[in-house]
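Bear in mind that the values in this text are calculations on the coordinates, not laboratory data. Everything quoted here is computed from the prediction, not taken from an experiment. Here Cβ is always computed from backbone atoms with ideal geometry, including for glycine, and neighbour counts include all displayed protein chains.
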Amino acid sequence: MGRSGAGKTSMRSVIFTNYTAHDTRRLGATIDVEHSTVQFMGDLSLNIWDCGGQHKYLDNYLNEQKENIFGNVEVLIYVFDLETTNQESEYELYDECLQNLGLYSRDAKVYCLVHKIDKILDDDMKAQTIARYERAIKKRTKGFDMEVFGTSIWDHTIYRAWSRIVYKLIPNMATIERHLRNFCELTEASEVVLFERATFLVVCHTTVDETQSLNRYMNVSQAIKDYRRTCQAVQAPFHSMEVRNRYYSIFVEPFTKSTYILVITTDPEVEPAVTKANINAARSHFVKLADNSEVLQ
Amino acid sequence: MSDTDLTQGSQLSEPLADRRILVMGMPRSGKTCIMQLIFEDKNPYDLMDQLIPPTMVRTAYDMISGITVYDFPGIEDLADVGGPDPEIFVGPNTSLVYVIDAQNEAGKSLAELLALIRVALAANPALPVNVFIHKIDGLSEELKMETQQGIQQRVLKNMGFESLDSSNVQFFLTTVFTETIREAMSRVSLRMVPRCDYLESLLNSFCSKSSLDKVFLLDVRSKIYLATDSSPTDPQLYQFACKTIDTIGDISMLCAGLGPERDDEVVMQRTVVTMDTNMRLFMYQVNLELSLLCLGPSAVVKQQSLLEFNAAKVAKAIRQILQ
Ligand SMILES: Nc1nc2c(ncn2[C@@H]2O[C@H](COP(=O)(O)OP(=O)(O)OP(=O)(O)O)[C@@H](O)[C@H]2O)c(=O)[nH]1
Ligand SMILES: Nc1nc2c(ncn2[C@@H]2O[C@H](COP(=O)(O)OP(=O)(O)O)[C@@H](O)[C@H]2O)c(=O)[nH]1
Ligand SMILES: [Mg+2]
């Protein structure tokens, strides 16, 4: 949800289809609601409702359609356009959406994206702006679990927000995380990261330092998605990559049907072939976990 | 002090490097964009957004193997400024790049090119002249061909009228939006690399002994290749190679801080990329700047240790040749 031109369709196209940030310049305004379903991590279906933000549609959502729009919502993603000319009416719209959400989907999670953050060049200014939004939004958000992200389709921030959103949606995440940590220890790897196969969003990882590592992984998400597009263009679909030198080895390998795995080893004693064999050995075990969220708790 | 001639600039007192590429053309033809793209790793879209001030002084960029690229200020009218010092064209390892804006009427630019060629060839009859027909993005395939043919014919015809030898004139279609520009620059520098014939035959034999399809020896920073085997270069494949280098760079950032403490250490980096088709890519570090990038069928690259063994030998030979 969000005003017209805020960037909802752009963000959806960059994450879930093969759009580059440049491609989004071609997008027109969304007519009414665009429904799409994405398979995520095997049997998790995400039903995404991209609600066109022009006035006539918004009126409709908040009046005649409110039960249809705000009923059965698991996640509301509200996109604030940083470049809005009327901040007050933006917040009013947000208030109205939350009011309806409170009526029909009391348990929904809310994510607020302060979008087009690339328009602010200075890093301190960026942080300040996000903090300012966060304070204002928090004040208006009562009775909901809510998080704020500064995002832009021009860098990894959009991957970061969406990784966080889907992370919360995967039911057996704790189990997957535990097993990934075990695997990391067994292979004597220094870091292991699990990516969703289609979107390359980070599903989970083994490092403790949350913010620092996430930013690094998001850059990988963006790089691999970009690279896959290039590979497609030469009719040679990407399969895997391995970078080794005297100090470290990085492996990016298809893992289960719905995931990719990234393994970093820094121990020169660990042979690459052994790491690869370990990845292969762990695969069959993770297939049960990652591709089917109902097994094992 | 001569007036605003072509060699004006802060480095005027400095002699030009022995191996040099001189980049010239009308103002706004795209010279500085090309330099910033290749040597400063700028993104083409950022280049379009930013306002690049006109070049006022000659700017030097160091390329691999001691080749220096000079971005000259654009000139409206050679006759006005008295023309460049003919001395700069002299020397067996000098090459001229002339950039023409393909999205604009080329007449004036071509007249200037001809005036430049007259001066340059008088000073150095063997000088390679490389005409970059630039900004071809946005032109249809058909229009691209038409533009190239038009420009090519006019240049060659006019040179013929004046009995100038045109055997060293080459034309390239370029844009900063694809790797066409890097490929053209590679083609220009290729011929100036010391002992380039040796390098080529070395890569040819590496290719055939290891059953590879294509091998590039390239500068990882600028992605310019300074040698390749003699099989034809598929632009798409080169574009793909460039993108692979970028991706490896992005992924390696993960391990920033884990690498060597001194940045002059060769870390023996090797990369393998596998495709879902019968193709693999293998990259092998030769020295701080250069890497070998090999493309071949999976079966070959699968025999990884053998390939690495061969690559190590080739890398050693290359280091000796370039020393
Ligand atoms: N600078 C910048 N521009 C963006 C960003 N995200 C989207 N845009 C641009 O914003 C414009 C509008 O984007 P859309 O995705 O169509 O907006 P929307 O929210 O779907 O609009 P409606 O469908 O009318 O509700 C496009 O031209 C995008 O390229 C961003 O993060 N940064
Ligand atoms: N469409 C297009 N524009 C380009 C390209 N290369 C450069 N330009 C534009 O051409 C203009 C002049 O470029 P600049 O490098 O300053 O020219 P210089 O005076 O020759 O150094 C700039 O506005 C660039 O954005 C290209 O490949 N395609
Ligand atoms: Mg839309």
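Straight Cα distances below 16 angstrom link residue B:214 to the aspartates and glutamates B:183, B:200, B:229, B:234, B:308, with same-chain residues fewer than 8 positions distant left out. Let a ≥ b ≥ c be the square roots of the eigenvalues of the Cα gyration tensor of the protein assembly as shown; is it rounded (a/c under 1.5), or, if not, prolate (a/b larger than b/c) or oblate? Oblate, since a/c reaches 1.5 and b/c is not below a/b.
If you take the square roots of the eigenvalues of the alpha-carbon gyration tensor of the stretch A:176-297 and sort them as a ≥ b ≥ c, do you get rounded (a/c under 1.5), prolate (a/b over b/c) or oblate? It comes out rounded by the Cα gyration axes. Quickly estimate the mean residue ellipticity at 222 nm for chain A, helices only: each DSSP H run with n ≥ 4 gives -39500 (n - 2.57), and the total goes over all residues, rounded to 500. Calculated at 222 nm, the ellipticity per residue is -13500 deg cm²/dmol. Going from the residue with the fewest nearby Cβ atoms within 10 Å to the one with the most, A:205, A:285 rank A:285, A:205.
Taking a virtual spin label 7 Å from the Cα of residue B:213 along the C-beta vector, which residues in the stretch A:224-242 bring their backbone nitrogen under 12 Å of it? Hits in the stretch A:224-242 for residue B:213 at 12 Å: A:234-237. From least to most packed, judged by other beta carbons within 10 angstrom and beginning with the fewest, A:231, A:204, A:51 follow the order A:51, A:204, A:231.
For the stretch B:19-190, the alpha-carbon coordinates run over 42, 38, 33 Å along the three principal axes, in decreasing order. The ranking of A:142, B:214, A:8, A:276 from fewest to most other beta carbons within 10 Å of each one's beta carbon is A:142, A:276, B:214, A:8.
If we count every other residue with Cβ under 11 angstrom of residue A:54's Cβ, Lys/Arg +1 and Asp/Glu -1, where does the sum land? Net charge in that neighbourhood comes out at 0. Here the sum of -39500 (n - 2.57) over DSSP H runs of 4 or more residues, divided by the residues of chain B, equals -12000 deg cm²/dmol at 222 nm, to the nearest 500. Using a cutoff of 8 angstrom between alpha carbon atoms and counting only pairs six or more residues apart, the relative contact order for the stretch B:196-322 works out to 28 percent.
Near residue B:19, the amide H atoms lying under 5 Å from its own belong to B:68; only residues 5 or more places off or on other chains count, and H is placed 1.01 Å from N. Spacing of the modelled spin labels on residue B:187 and residue A:23, each 7 Å from Cα toward Cβ, amounts to 3.0 nm. Taking Lys and Arg as +1 and Asp and Glu as -1, the other residues whose beta-carbon sits under 14 Å from that of residue B:238 total -2. Would you please classify the overall shape of the stretch B:122-217 from the alpha carbon gyration tensor, given that a ≥ b ≥ c denote the square roots of the eigenvalues, rounded means a/c under 1.5, and beyond that prolate means a/b larger than b/c while oblate covers the rest? Because a/c hits 1.5 or more and a/b fails to exceed b/c, the stretch B:122-217 counts as oblate. Partners of residue A:168 within straight-line reach, counting lysines whose Cα lies under 29 Å from its Cα and excluding those fewer than 8 residues away in the same chain: A:8, A:66, A:109, A:116, A:119, A:126, A:138, A:139, A:142, A:225, A:257, A:288.
Taking a point 7 Å from the Cα of residue A:47 along the Cα-to-Cβ direction, the residues of the stretch A:142-167 with backbone N closer than 19 Å to it are A:166.
Determine, from the Cβ-Cβ distance of residue A:281 and residue A:175 and an R0 of 22 Å, the FRET efficiency 1/(1 + (r/R0)^6), rounded to the nearest 0.05. Once rounded, the FRET efficiency stands at 0.75. For chain A, a crude dipole built from +1 on the beta carbon of Lys and Arg and -1 on the beta carbon of Asp and Glu, taken about the Cα centre, is about 260 debye to the nearest 20.
To check you understand DSSP bridge types, tell me what percent of the beta bridges within chain B (both residues inside) are antiparallel, rounded to 5. Close to 50 percent.
Under a point spin-label approximation (7 Å from Cα along Cα-to-Cβ), what is the residue A:131-residue B:195 distance to one decimal in nm? In this crude label model, residue A:131 to residue B:195 measures out at 6.0 nm. With a Cα cut-off of under 20 Å and a minimum spacing of 8 residues unless on different chains, the lysine pairs in the stretch B:19-190 number 10. With the simple model of a label 7 Å out from the Cα in the direction of the Cβ, residue A:39 to residue B:90 spans 7.2 nm. Near residue A:198: Cβ cut-off under 12 Å, other residues only, Lys/Arg at +1 and Asp/Glu at -1. The net charge is +3.
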